[in-house]
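Participant: Submitted below is the structure of interest, expressed as structure tokens.
The numbers here are math on the coordinates, done by the rules we state, and not lab data. This is a predicted model, so every value here is computed, not measured. Here the Cβ positions follow ideal geometry from the backbone for every residue, glycine too, while neighbour counts run over all protein chains shown.
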Amino acid sequence: MSFDRSIKIAPSILASDFASFGAECRAAETQGADWIHVDVMDGHFVPNLTFGPATCAAIRPHIKGVMDVHLMISPVDPFIEEFAKAGADILTAHVEAGPHIHRTLQAIRTAGVRPGVALNPGTPASAIKHVLELVDLVCVMTVNPGFGGQKFIPMHDKVRELREMIGERDIHIEIDGGVDPSTAPDLVTAGADVLVAGSAVFKGGSVDDPSPYGENIKAIRSAAESAR
Ligand code: DX5
Ligand code: ZN
């Protein structure tokens, strides 16, 4: 996984058919996805449950590119090893998930995975100032985590501030929640390069008829690239 700041569209399989994750990942990639975003929820840190490392391991062989695992769980540390073994390329932990985010991010790197840190809408950019040296990605939540299909919460100031804090470092800025062709351009202008999109990618299509995924990805990408 090499670093570049090109626009990357990362479909979130939270909006796909849970009975067909493997086929959904293959379809999303065939239709132009750059990364696959995998949302892990524990019913404790967020008010919803999805799945854990075993499902991630089962999905892994169906993803050719980057498997971007978003951990909405607390605690994180006892599960890092298992998610690393499951084949995650990126493991993103929330800064709000515990008192020792620095230790968590170190442990992710030690496990051989690229560390990411996520910020809830109510958390300021300054909360991660002292862990920037440890991460390859900052995820800015533009919804309160837990569910797909929620209304976008504007966070452009935060994205701009993070972009400035990051400077020349090789750190991605990812946006997660309510991304679609109408919200993508301003996010890119503010400094984002990875756009997670669930409903806006998977709407209108299916594993048997995946071409709408391709059209949806293309629409987000061209809106995003027009802002560069
Ligand atoms: C929300 C998840 C998101 C979600 C985005 O807690 O982290 O990844 O799937 O879904 P949309 O794009 O529908 O807002
Ligand atoms: Zn997510």
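Participant: Within a 10 angstrom radius of the beta carbon, how do HIS130, HIS172, HIS70, HIS62 rank from fewest other beta carbons to most?
Facilitator: Values: HIS130 10, HIS172 22, HIS70 27, HIS62 18.
By the 10 Å Cβ count, ascending, the order reads HIS130, HIS62, HIS172, HIS70.
Participant: A follow-up question, please. Report the residue, chosen from ASP176, ASP193, ASP77, that carries the largest GNM mean-square fluctuation when the chain is represented by alpha-carbon nodes joined by springs under 10 Å.
Facilitator: The residue that fluctuates most here is ASP77.
Participant: Same structure, new question: Using a Gaussian network model of the chain with C-alpha springs under 10 Å, which one of THR92, THR142, THR30 is most mobile by mean-square fluctuation?
Facilitator: Among THR92, THR142, THR30, the largest GNM mean-square fluctuation belongs to THR30.
Participant: Over all Cα pairs of segment 27-77, how is the pair count split among 5 Å bins, expressed in % and running from 0 up to the last occupied bin?
Facilitator: 5, 20, 27, 21, 15, 10, 4, 0
Participant: Enter the per residue convex hull volume of segment 152-203, computed from alpha-carbon coordinates, in Å³ rounded to the nearest integer.
Facilitator: Taking the convex hull of the Cα positions in segment 152-203, it is 66 Å³ per residue.
Participant: Quick check for me: using +1 on Lys/Arg Cβ and -1 on Asp/Glu Cβ, what's the dipole size of the chain about its Cα centre, in debye to the nearest 20? Let's see the in-between values first.
Facilitator: On the way: 19 positive and 29 negative charges, 37 e Å.
Magnitude of the dipole: close to 180 debye.
Participant: Each residue of segment 168-177 in turn: what ³J(HN,Hα) in whole Hz from Karplus with 6.51, -1.76, 1.60 and θ = phi - 60°, glycine and Pro shown as x?
Facilitator: Once rounded to whole Hz, the list reads 8, 5, 7, 10, 6, 10, 10, 10, 9, x.
Participant: Would you mind computing, in nm to one decimal, how far apart the modelled labels at PHE18 and THR123 are, each placed 7 Å from Cα along Cα→Cβ?
Facilitator: The modelled label-to-label distance comes out at 2.5 nm.
Participant: For segment 127-168, which trypsin sites (Lys or Arg not before Pro) are both in a DSSP coil and crowded by at most 12 other Cβ atoms within 10 Å? Display every interim value, and only then the final one.
Facilitator: Numbers: sites: LYS129, LYS151, LYS158, ARG160, ARG163; in loops: LYS151.
The qualifying sites are LYS151.
Participant: For labels at MET165 and GLU215 in the simple 7 Å Cα→Cβ model, what's the distance in nm?
Facilitator: 4.0
Participant: Once Lys and Arg get +1 and Asp and Glu get -1 on their Cβ, which of ALA93, LEU134, PHE147 lies farthest toward the positive end of the dipole of the chain?
Facilitator: LEU134
Participant: Mind jotting down the three principal axis lengths of segment 139-228 based on Cα atoms? Whole angstrom, largest first.
Facilitator: Cα extents, longest axis first: 44, 28, 21 Å.
Participant: Across segment 4-100, how large is the tail of the calculated P(r) beyond 21 Å, expressed as a percent of all Cα pairs?
Facilitator: Working: 1407 of 4656 pairs.
Within segment 4-100, distances greater than 21 Å cover 30 percent of Cα pairs.
Participant: Next question. Can you work out the base-10 log of I(q)/I(0) for segment 42-195 at q = 0.21 1/Å, using the Debye formula on its C-alpha atoms alone?
Facilitator: -1.49
Participant: Which residue, ALA57, ALA33, ALA127, has the most motion in a Gaussian network model of the chain that connects Cα atoms within less than 10 Å?
Facilitator: Largest GNM mean-square fluctuation: ALA127.
Participant: Give me MET41, MET1, MET165, MET72 ranked fewest to most by other Cβ atoms within 10 Å of their Cβ, as a rough exposure proxy.
Facilitator: Working: MET41 21, MET1 9, MET165 15, MET72 27.
In increasing order of surrounding Cβ atoms, one gets MET1, MET165, MET41, MET72.
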